[in-house]
1. I'd like to know if the range 182-192 contains one or more residues that are surrounded by fewer than 16 Cβ atoms within 10 Å (Cβ to Cβ), farther than 28 Å from THR74 by Cα, without any contact (Cβ under 8 Å) to a residue 12 or more places away in the chain and not hydrophobic (A, V, I, L, M, F, W, C).
2. Check whether at least one residue in the range 146-163 is at pLDDT 85 or above, under 11 Å from the mean Cα position of the chain (by Cα) and either outside any helix (DSSP H, G or I) or not aromatic (Phe, Trp, Tyr) (or both), and report yes or no.
3. Hey, could you check the range 75-84 for residues that are in contact with a Lys or Arg (Cβ under 8 Å, 6 or more places away or on another chain) and not aromatic (Phe, Trp, Tyr) and say which is surrounded by the fewest Cβ atoms within 10 Å (Cβ to Cβ)?
4. Looking at the range 215-235 only, could you name the residues that are in contact (Cβ under 8 Å) with a residue 60 or more places away in the chain and closer than 16 Å to ILE69 by Cα?
5. Confirm whether GLU153 is loosely packed, with under 15 Cβ neighbours inside 10 Å and out of contact with any Pro (no Cβ under 6 Å at 6 or more places or on another chain).
6. Looking at LEU113, is it at pLDDT below 75, in a helix (DSSP H, G or I) and of a type in the set (A, V, I, L, M, F, W, C)?
Amino acid sequence: MTHGNTTLSPADAGYGLANYARCFNGIVWRELLRYWHQRERFVSALVRPLVWLFIFAAGFRSVLGVSIIPPYETYVLYEVYITPGLMAMIALFSGMQSSLSMVYDREMGNMRLLLVSPFPRWFLLTAKLAAGTAVSLAQVYAFLAVAYFWEIEPPSPWGYLTVLPALVLAGVMFGALGMLLSSLIKQLENFAGIMNFVIFPLFFASSALYPLWRIKESSPWLAYVCELNPFTHAVELIRFAFHQRINFTALLIVVVAAAGFLLAAIAAYDPSRGMLSRREGA
């Protein structure tokens, strides 16, 4: 709120918890309504992993065997193994799509209106992140609903519930990464190049498609890269949670990576020291 030549903070303006909740509600509902009116995003988000599941997995089922490794207690089909990786891929693409919307909003001027709000910048960006995470959850569960008819499901129905916290953490991590990248993208046309540069290395250099022990047999240095890849740990966190188990190493790495990406994104959008302000000043 502005009073004369002085900009008041929410605390100075007397904003309470209800005002913060109203602001959070408005940002989240705006993103959800945008998603609802762009149904092609929903379809494209499903087509990509379903193609991998029903075409790629069917072709490699007889070639790539999966031994008994945690969290599996028996041999599993290849399509069962790659399902957690495809769930993480949906969350990753959703995070990148959220960053695309932020670039679009910045070009149209909507982002500037949002960021000059008297509410703290970290709160506004976190609300955007929460909206993007909610969209990714809807996409992942829609994918699981289709996969269920191909008998791809957790050992117990509780797996659909226990995997939810893992999906939320993965969605926050990828959304924060996309938010950070959106501060670097100057124009909407550059998004496709950035997306290919980031998404595909993260996806292929991970345990999404192949177990790490198999990668170590063929290329130890690539296995080392996969172990450093935060996408690998998001996949393993989802894989264990889908089977009602916890991978504490993956949990720790995903939480640290999500916090790091979010703090970096908040700093990048800070008008006093962020990358966004320096680029606009130049």
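The values are calculated or read from the model by the stated rules, or taken from the named source; none is laboratory data. The structure displayed is predicted, hence computed values, not measured ones. As a convention, Cβ positions derive from the backbone with ideal geometry for all residues, glycine included, and neighbour counts pool all protein chains shown.
1. Yes, the range 182-192 contains a residue that is surrounded by fewer than 16 Cβ atoms within 10 Å (Cβ to Cβ), farther than 28 Å from THR74 by Cα, without any contact (Cβ under 8 Å) to a residue 12 or more places away in the chain and not hydrophobic (A, V, I, L, M, F, W, C).
2. no
3. Filtering the range 75-84 for residues that are in contact with a Lys or Arg (Cβ under 8 Å, 6 or more places away or on another chain) and not aromatic (Phe, Trp, Tyr), the one surrounded by the fewest Cβ atoms within 10 Å (Cβ to Cβ) comes out as LEU77.
4. VAL235
5. The answer is no for GLU153.
6. yes
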